[in-house]
Amino acid sequence: MKQISILGCGWLGLPLAKTLITKGNSINGSTTSENKLSILKDAGINPFLVEIEEKEVSQNIDSFLAKSEILIIDIPPKLRAVDPNSEKKAFVDKIKNLIPFIEKSTVEKVLFVSSTSVYSDDNGFIAEETIPNPETESGKQLFLVEKLLQQNQNFETTILRFGGLIGEDRHPVKFLAGKENLENPDAPVNLIHQKDCIGIIEEILNQSKWNEVFNAVAPFHLSRKDYYTQKATKMNLPLPNFSSEKSNIKKVISSEKIETVLDYKFRLGDY
């Protein structure tokens, strides 16, 4: 049995915690909402109210990390400030404030949930060896945080870069259905299902794959037009309409390393 702390029991963190508990692990889970504490407790998670801010970290952080060997960080940058200047390094500053608490805790391993947005949209095949060149503010801050964690000698860090997240209750086709003049019809989709997210994290933990970087995207890359048209038809939604005027993104994220190093098999039937 492992003692694991999951920072961020949201859309992915909560079902991940439930799965890890069924495998005999003890889980400390954090939320920023008092109303959610009871949900975590009912799921068998040791619940903690934890706020990570640019200038301070809540007092519960030490208890949240106590006795855990592994910390999974799954909190989004959430860069939505009205003043763009106030977004600069906001997420980076939060993690900088968190790191001293990790250093003095029992945590020896950190799994950081990042995103393939750290790569640019330049045409081509992208593997873990590809040098990140983020274009969005979110991608830039995620990459800075990756480096902060990887360079720290007090714990080992594995970076897991997910593609577009989908699940039973979350699918972009619901937003795109019926929309007109959508861009990049020929761009390949780079998606990852919630079930695969959890399965891949389980394998990293089970196989102790630390000091690694993994891209996690299902190994199928239909065009946006073909994929979302098929999904809309299957779900009886209005078909999206694509414009060919802007169609220059050919980015394909490879998950070959996950399939070979972790020997992981994607659940393609869920896509």
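The values are calculated or read from the model by the stated rules, or taken from the named source; none is laboratory data. None of these values were measured; they are calculated from a predicted model. Reconstructed Cβ throughout: ideal geometry from the backbone, glycine too, with neighbour counts over all protein chains shown.
Some observations on this one:
- Residue in segment 134-144 that is surrounded by fewer than 20 Cβ atoms within 10 Å (Cβ to Cβ), out of contact with any strand residue (DSSP E or B) (no Cβ under 6 Å at 6 or more places or on another chain) and at positive phi present: no
- Selection status of GLN230, of a type outside the set (A, V, I, L, M), out of contact with any His (no Cβ under 7 Å at 6 or more places or on another chain) and more than 23 Å from GLU183 (Cα to Cα): no
- Residue in segment 133-147 that is touching a residue at least 12 places away in the same chain (Cβ under 8 Å), assigned to a helix (DSSP H, G or I), acidic (Asp, Glu) and under 25 Å from LEU191 (Cβ atoms) present: yes
- Of the criteria (1) within 29 Å of ILE131 (Cα to Cα); (2) of a type outside the set (Val, Ile, Thr); (3) in contact (Cβ under 8 Å) with a residue 12 or more places away in the chain, which one LYS265 fails: (3)
- All strands (runs of 3 or more DSSP E) inside segment 9-75 with 1 or more residues being on the phi < 0 side of the Ramachandran plot and touching a residue at least 60 places away in the same chain (Cβ under 8 Å): 70-73
- Subset of segment 147-179 that is of a type in the set (A, V, I, L, M) and under 23 Å from VAL252 (Cα atoms) - its residue that is farthest from the chain's Cα centre (by Cα): LEU176
- Within segment 65-88, restricting attention to residues that are buried (at least 16 other Cβ atoms within 10 Å of the Cβ) and modelled with pLDDT under 95, the residue that is farthest from LEU205 (Cα to Cα) is GLU87.
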